[in-house]
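Here's a structure for you.
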Amino acid sequence: MASSKTLLITGVSSGFGRALAQEALAVGHKVVGTVRSDEAKREFESAFANAAWARVLDVTDFDAIDGVVAEIEASVGPVDVLVNNAGYGHEGIMEESPLSEMRRQFDVNVFGAVAMMKAVLPFMRKRRRGHILNITSMGGYITMPGIAYYCGSKFALEGISEALGKEVKSFGIAVTAVAPGSFRTDWAGRSMTRTPRSIPDYDEIFNPVRQAREQKSGKQLGDPSKAARAMLSAIAADHPPTHLLLGSDALGLVRDKLSALNAEIGAWEATTVSTDG
């Protein structure tokens, strides 16, 4: 590893966060990970006895975030890389899913990530260097019935990442939105919140999607350790990407979406330009 960096990763108890912590430590980086309980803190720090620290923080505790980041800067050292990994999936037909579940989805996946970025930015800006990785999803490009709130949150984080990258580029700070496809994480299992079904009209469109997801859970193509290594290569790059897709499924589905979008734009071009002047 050319240069050792300090990574602050939210949500290191499982999934991509855990895999990234492991791979980063293996190549000589320092890792500070956020967890949601004292028990998880002890577990993380004992699993990686050296160069790893944990802090108990719920990313929806917006008032606590600035203090935790300032304490990390003071006691562990400058945060070179923030990885916004904490997040979860919500599954539910939109008409059936209460607004409170949407609010919770956005609090964790969007507001929590933004609060973390706002906390590290003053330090990074002062140093004129830094890198922020936001773990989004192929669901920030493509959609499926039954995950409207989730896709909405990831579309939002994709847009915020891209705009922020333009705001901070001249300060030497890079922002990368990392969009994984299907990986062997807890996303479709323990980490998924499901709204109970109530309207039979939606059975035909939704049941096959849910069944396919349940059958695939634990057998997905993507290897989280390889995703972690891909993220480390983005962190090490002189010119990190603004968007990074992970997985051949994400690549195929996003390319299909872009070509369908391009075709639709073409089909409606006359109407689009008819509004000028």
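The values are calculated or read from the model by the stated rules, or taken from the named source; none is laboratory data. None of the values given here were measured: they were computed from a predicted structure. Here the Cβ is made from the backbone with ideal geometry for all residues, glycine too, and neighbour counts use every protein chain on show.
Only one of (1) surrounded by 12 or more Cβ atoms within 10 Å (Cβ to Cβ); (2) within 28 Å of S13 (Cβ to Cβ); (3) touching a residue at least 12 places away in the same chain (Cβ under 8 Å) is not met by R190, so which one is it?
Evaluating R190 over (1) surrounded by 12 or more Cβ atoms within 10 Å (Cβ to Cβ); (2) within 28 Å of S13 (Cβ to Cβ); (3) touching a residue at least 12 places away in the same chain (Cβ under 8 Å) leaves (1) as the failure.
While we're looking at this one, here's another question. Can you tell me which residue is surrounded by the fewest Cβ atoms within 10 Å (Cβ to Cβ) among those in segment 73-96 that are farther than 23 Å from S14 by Cα and in contact with a helix residue (DSSP H, G or I) (Cβ under 6 Å, 6 or more places away or on another chain)?
Among them, the one singled out is M94.
For segment 12-31, does any single residue satisfy the condition of being in contact with a helix residue (DSSP H, G or I) (Cβ under 7 Å, 6 or more places away or on another chain), under 30 Å from A237 (Cβ atoms), of a type in the set (K, R) and not in a helix (DSSP H, G or I)?
no
Now a separate question. Looking at segment 248-277, which of its residues are touching a residue at least 24 places away in the same chain (Cβ under 8 Å) and among the basic types (K, R)?
Across segment 248-277, the qualifying residue is only K257.
Let me ask something else. Which residue pairs have Cβ atoms under 9 Å apart, sit 6 or more places apart or on different chains, and have a first residue in segment 206-222 that is crowded, with 16+ Cβ neighbours inside 10 Å and a second that is at pLDDT 85 or above and assigned to a helix (DSSP H, G or I)?
Final answer for the pair search is Q220/D249; G222/S248; G222/D249; G222/A250.
For (1) aromatic (F, W, Y); (2) at negative phi; (3) assigned to a helix (DSSP H, G or I), each residue gets a yes or a no:
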| site | (1), (2), (3) |
| --- | --- |
| F206 | yes, yes, yes |
| G218 | no, no, no |
| S225 | no, yes, yes |
| I235 | no, yes, yes |
| D238 | no, yes, no |
| L245 | no, yes, no |
| L251 | no, yes, yes |
| V254 | no, yes, yes |
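Turning to a different aspect of this structure: Which one of these does A234 not meet: (1) under 25 Å from A115 (Cβ atoms); (2) more than 16 Å from the chain's Cα centre (by Cα)?
That leaves (2) as the condition not met.
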